[in-house]
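The values are calculated or read from the model by the stated rules, or taken from the named source; none is laboratory data. Note that the structure is a prediction, hence the values are computed from the model and not measured. Positions of Cβ are backbone-derived with ideal geometry, glycine not excepted, and every protein chain shown enters the neighbour counts.
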């Protein structure tokens, strides 16, 4: 799955939040992205994300901001690289997969501020070898009406899988991202879209080749 630009990104269908990653030898479940972070997201708690209650003036009711939903685009929850053709489970070198996501929202003046976190895994296949892998993950905030992209950021995680290991975990947290605030139910205005960006990760195969060469026996 390639993302040459965000316009194509937002036109793709999305997976349900309960989609299961087809990780070879390891089941990964995408979290319930519809639940508010104050409900107890494990990743949100791990990242130290706060609930979405905006500060209120003394003596007034706390204002709750409903965060946009997170969706993962079809074909971008996981990415595989094989050592030969046709691709089979036997010649799988490695796979990147997203396993969870969380977000934190706050109100700053007339701006909605969103911080996004994703968790994932690098899994080696039968043809894989230990090394450092570059995982490209794109995070975008898209206007619901018209699919207008307002923010699109590409992040990378450098994940090292030990020589004797088969997998390694990673997390990526965005900087605060800003979009115009219009109402407390921001899920009616925006979607948060995340996924592995294969087009931006074109160098991952080269990195893996270097890793393979580094650990290859003479």
Subject >> Scope the range 118-161; condition more than 11 Å from the chain's Cα centre (by Cα), buried (at least 18 other Cβ atoms within 10 Å of the Cβ) and free of Cβ contacts under 8 Å to residues at least 24 places away in the same chain; matching residues >> reply: none
**OP:** Considering (1) under 19 Å from the mean Cα position of the chain (by Cα); (2) at pLDDT below 95; (3) under 30 Å from residue 182 (Cβ atoms); (4) surrounded by fewer than 22 Cβ atoms within 10 Å (Cβ to Cβ), say which one residue 108 fails and leave the rest.
**Re:** (1)
